[in-house]
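Visitor: Take this structure first; my questions come after.
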Amino acid sequence: MLERDIVVIGASRGGFQGLKVLVSQLPADLQASIFIVLHIGRHASVLPDLLTGWGPLAARYATNGEEVERGVIRVAPPDRHLVMSRGRMWLNEGAKENFARPAADPLFRSAAMEYGSRVVGVVMSGDLDDGAAGLANIRAQQGFAIVQNPDDCEAPSMPRAALESCGTDLLCMEDELSKCIQAAVRGASSERVSEVAQMNNRVFEKEARIAANGLSDPEELDEVGERSALTCPDCGGALWRIKDDRPMRYRCHTGHAFTGLSLEEGIESNSEAAIWSAIRAVHERVIFAKERQRWAERAGNHDQIEIEQARIDEAERLVELLRDAVQTSSPAEE
């Protein structure tokens, strides 16, 4: 029977309740190690205590260098990526991936590299697309993929992106996640990944090594990607588009990484910030022109008063155009 004993789970908005349901249904004698990334950022959290109280398995934050152990749950601590190597867990303050630290992709990717077909990857409710590339990594190494049904999620974006990235072996509702994980651990057969969704193993392995090193030389990134005209929304550096498009993803030499939705979100956010900066600059022109106009009034310089009024009118028209641009670029609220 195929041995699967490494379960990696990624969740974000809407995943908290799903984790409660999941761990409450896991058996006390589960023959697998469970690792969880919830997008908690740098905020203090009592998630391990809650997980322990909700189910029969003990949970705590992972510690650096700790050995992998079956029948326990380890949680990525605030502001630290959790990765696996040489049979142990490791924590790092590497660059954010998909604007998150901890992020699911570093955990999924390292598990796929270390344990291959022994890995079960689970993507739950969450915004944007963290976990999509990581689940593709797992499937590329013949691991097992489980995705929560997007129709059953508070935030369907993460599971939807995972499905588009590489498909899944099991698509399940929130209250079925535990049953699906247990079936995978017991050796349930996996679906063959279609050629369209199959990640390039050679690119994956090189990219995984680059990601593990954090900072990288441009020449290293040239091996797995093509230099793009885009810049990193986090640090402003150049982005490389990874040659393998399953899924489409980008990486900068400081370690920031993005799949499609996350990069789009970053570009839109930076664009809006740039427009507001332009609005501020143009509004300062209005303020300064009004000050000069008042000076001209005190001096009795009627020609200068008219010149400043023309400047004010032109700048105010430009401000309105920029405000319209902000409204156009912002998604409409449902």
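The values are calculated or read from the model by the stated rules, or taken from the named source; none is laboratory data. No experiment lies behind these values; they were computed from the predicted model shown. In this analysis, Cβ positions are derived from the backbone assuming ideal geometry, glycine residues included, and neighbour counts consider all displayed protein chains.
Visitor: For the stretch 6-56, which residues satisfy the criterion of being out of contact with any Leu (no Cβ under 9 Å at 6 or more places or on another chain), closer than 26 Å to residue 137 by Cβ and not small (Gly, Ala, Ser)?
Guide: Selection gives 6, 13, 31, 39, 42, 48.
Visitor: Of (1) at pLDDT below 95; (2) buried (at least 16 other Cβ atoms within 10 Å of the Cβ); (3) within 18 Å of residue 107 (Cα to Cα), residue 251 satisfies all except one. Which?
Guide: Among (1) at pLDDT below 95; (2) buried (at least 16 other Cβ atoms within 10 Å of the Cβ); (3) within 18 Å of residue 107 (Cα to Cα), the lone unmet condition for residue 251 is (1).
Visitor: Taking the stated definitions as given, is residue 128 aliphatic (A, V, I, L, M) and either at positive phi or part of a loop (DSSP other than H, G, I, E, B) (or both)?
Guide: yes
Visitor: Taking residue 98 as meeting all but one of (1) on the phi < 0 side of the Ramachandran plot; (2) within 15 Å of the chain's Cα centre (by Cα), write down the number of the exception.
Guide: (1)
Visitor: I'd like to know if the stretch 225-248 contains one or more residues that are in a helix (DSSP H, G or I), buried (at least 18 other Cβ atoms within 10 Å of the Cβ) and modelled with pLDDT of 90 or more.
Guide: No; the residues of the stretch 225-248 include none that is in a helix (DSSP H, G or I), buried (at least 18 other Cβ atoms within 10 Å of the Cβ) and modelled with pLDDT of 90 or more.
Visitor: Among the residues of the stretch 178-188, is there at least one that is in contact with a helix residue (DSSP H, G or I) (Cβ under 7 Å, 6 or more places away or on another chain), surrounded by fewer than 22 Cβ atoms within 10 Å (Cβ to Cβ) and of a type in the set (A, V, I, L, M, F, W, C)?
Guide: No, there is no match, as no residue in the stretch 178-188 is in contact with a helix residue (DSSP H, G or I) (Cβ under 7 Å, 6 or more places away or on another chain), surrounded by fewer than 22 Cβ atoms within 10 Å (Cβ to Cβ) and of a type in the set (A, V, I, L, M, F, W, C).
Visitor: A further question follows. Restricting the search to the stretch 15-50, which residues are farther than 24 Å from residue 114 by Cα, among the small types (Gly, Ala, Ser) and in contact with a helix residue (DSSP H, G or I) (Cβ under 9 Å, 6 or more places away or on another chain)?
Guide: 15, 18, 24
Visitor: For the stretch 192-224, give me the residue count where each residue is more than 24 Å from residue 114 (Cβ to Cβ) and either of a type outside the set (Gly, Ala, Ser) or outside any loop (DSSP other than H, G, I, E, B) (or both).
Guide: Residues in the stretch 192-224 being more than 24 Å from residue 114 (Cβ to Cβ) and either of a type outside the set (Gly, Ala, Ser) or outside any loop (DSSP other than H, G, I, E, B) (or both): 6 in total.
Visitor: Just to be sure I understand, how many residues within the stretch 75-112 are surrounded by fewer than 21 Cβ atoms within 10 Å (Cβ to Cβ) and among the aliphatic types (A, V, I, L, M)?
Guide: 1
Visitor: Can I ask one more? Out of (1) in a helix (DSSP H, G or I); (2) surrounded by 23 or more Cβ atoms within 10 Å (Cβ to Cβ), the odd one out for residue 10 is which?
Guide: All conditions are met except number (1).
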